[in-house]
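Asker: First the structure, then my questions, so here it is.
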Amino acid sequence: MSDVRLVEAPISIVYDLALNDPEGYEREFHQMSQSDDDPIGQWLKMAKARGDTSESDPVVLNLLVELYRKVDKLEQILTMSAPQRLSLINEAMIESIGFEHFKLKGQQLEPGKLYYGRVEMPIHPKREIAIFFEAMDGALAKIIRTHDRDEKEWAAYMTARERVMIRQLKGRE
């Protein structure tokens, strides 16, 4: 365990034992991976494949796509057609993360048990990622499974937090 490198990262997680609803958690896990497959996401992929976006500013294009997604989400809320997430019993604060691990504040996990959870990532655009994780001890967990895109965003966030920590340490010297 001593080779697990963690950096401070104040984010939250909701989770439950994976055995409580294995089929439901698996279904939600796959649904969350398809969040990129919304109509505007498909349109953007096709436009990029055809080369239609070559003269567009990628930052402005991404911001417009995210604005469309927010309007679409508001419309779903107003029409009560927003996709429902499963209710997860436990809620906790993550105090630190690594590339494959995270540590909760307090001893809340049962060692050796498999859990399913959703982490709200403080990135742009804000979104939740689905993960399956195993408790190494009461607070430390190892990420067993997540989607490829989520894994990349987790690693990018961890790296960004590490940079912040290094800058803070340099400021103290």
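Bear in mind these aren't lab numbers, they're just calculated from the coordinates by the rules spelled out. Every value quoted in this text rests on a predicted model; they were computed, and no experiment measured them. Every residue, glycine among them, receives a Cβ derived from its backbone with ideal geometry; neighbour counts consider all protein chains shown.
Asker: How large is the convex hull of the C-alpha atoms of the stretch 73-173 per residue, in Å³?
Answerer: 133 Å³
Asker: On a full-extension model of 0.36 nm per residue, what is the gain between Glu55 and Leu74, subtracting their alpha-carbon distance, rounded to one decimal in nm?
Answerer: 3.8 nm
Asker: Next question. Place a label point 7 angstrom from the Cα of Ala47 along the Cα-to-Cβ direction, then list the residues of the stretch 63-107 whose backbone nitrogen is under 18 Å away.
Answerer: Inside the label zone: 63-73.
Asker: If you don't mind, there's one more thing I want to ask. Once you wrap a convex hull around the alpha carbon atoms of the stretch 36-78, what is its projected area averaged over all directions, in nm²?
Answerer: Computed as one quarter of the Cα hull surface, the answer is 3.0 nm².
Asker: Take the Cα pairs of the chain, get the Kirkwood Rh, then feed it into Stokes-Einstein at 37 °C and 0.692 mPa s and tell me D in µm²/s.
Answerer: Once the numbers are plugged in, D ends up at 182 µm²/s.
Asker: Here is a follow-up. Using a Gaussian network model of the chain with C-alpha springs under 10 Å, which one of Ile11, Ile40, Ile143 is most mobile by mean-square fluctuation?
Answerer: Residue with maximal mean-square fluctuation among Ile11, Ile40, Ile143: Ile40.
Asker: On alpha carbon coordinates alone, what is the Rg over Rh value for the stretch 129-173, Rh being the Kirkwood radius?
Answerer: 1.14
Asker: Compute the helix-to-body angle for 148-172: its Cα long axis versus the longest principal axis of the chain, expressed 0 to 90° and rounded to tens.
Answerer: With both axes taken from Cα atoms, the answer is about 60 degrees.
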